[in-house]
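A.B. asks: Sharing a structure, written as structure tokens. Questions coming.
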Amino acid sequence: MTERVKIPVGRVAVLDASERARWELAAMAGRLRSLEVKLAEEQASSEEMRRERDRERRRLERLRHSESYRLGYGLVSLAKDPLHTVPRIARAVVRRMRGRHRAGSAPVRRAPAAAQRPPVHLYVAIGLDIVAVREFVLTLQQRLLVSPDHRPVVVTDCPSFALLRDLGVLLEYLPDRATWEKHRPDRPWDDVLSQRLTRLYRDHDTARTIIVDRAQPPTLADLLR
């Protein structure tokens, strides 16, 4: 007969706290890798744009100083308005000699920037059953009705997550630790979690990460803080 080992309640709390700490470390590691990848991509893109800008600037300067450009510009202006072209050219030469650009000139007006989409908040809800996940998603919906200041993405290891897709919140699935270790013992589950979060950070350009406490999921008041 197999003897059952009873784990004290305090020990369970310690295990939960330790596991939550590992999730937070995985989230931070994933966020860091995502930021490193994004920084490298932006640096490469910025360098390419600077090279393209310099090439176009050199081409423009060569064109402006070419004899054919000045001759063509003069001929076109003369053909369009022969009576005013010569005086206008003369005035332009005088302005250039006196210095056309002065301090305090009117600023250049720019078109208003397009409205930006709300940032993405990533909620890591690991270890919750289907009832708890549903309650959390419904609470999250209420939070967005009060203040729709972000777009939520919920990461869950609940295998029944597909039943909650009609609630209007984007759900991302990750196999739970026991299932993963049963089928892929050669690859640590913590690494899978970290890599999954890294991918979500990159795909959604995540601005904030919230670790959902499975022992005490946040209430509406908590989410509004």
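A.B. asks: Let me spell it out: the conditions are (1) within 11 Å of V212 (Cβ to Cβ); (2) not in a helix (DSSP H, G or I), and F136 meets all of them except one. Which number is the exception?
C.D. replies: Here F136 clears every test but (2).
A.B. asks: Here is a further query. Which one of the conditions (1) open to solvent by 50 Å² or more (accessible area, probe 1.4 Å); (2) within 23 Å of the chain's Cα centre (by Cα); (3) of a type in the set (S, T, Y) does T198 fail to meet, given that it meets all the rest?
C.D. replies: Of everything listed in (1) open to solvent by 50 Å² or more (accessible area, probe 1.4 Å); (2) within 23 Å of the chain's Cα centre (by Cα); (3) of a type in the set (S, T, Y), T198 misses just condition (1).
A.B. asks: Considering only residues that are touching a residue at least 60 places away in the same chain (Cβ under 8 Å) and among the small types (G, A, S), look in the stretch 24-43 and name the one that is nearest to V212 (Cα to Cα).
C.D. replies: Among residues in the stretch 24-43 that are touching a residue at least 60 places away in the same chain (Cβ under 8 Å) and among the small types (G, A, S), the one nearest to V212 (Cα to Cα) is A27.
The values are calculated or read from the model by the stated rules, or taken from the named source; none is laboratory data. Values in this document were obtained by computation on a predicted structure and should not be read as measured data. With ideal geometry, Cβ positions are generated from the backbone for all residues, glycine too; neighbour counts draw on all protein chains shown. Just the protein is used for accessible areas: all its heavy atoms, side chains included, with ligands, DNA and RNA removed. Shrake-Rupley method; radii C 1.70, N 1.55, O 1.52, S 1.80 Å.
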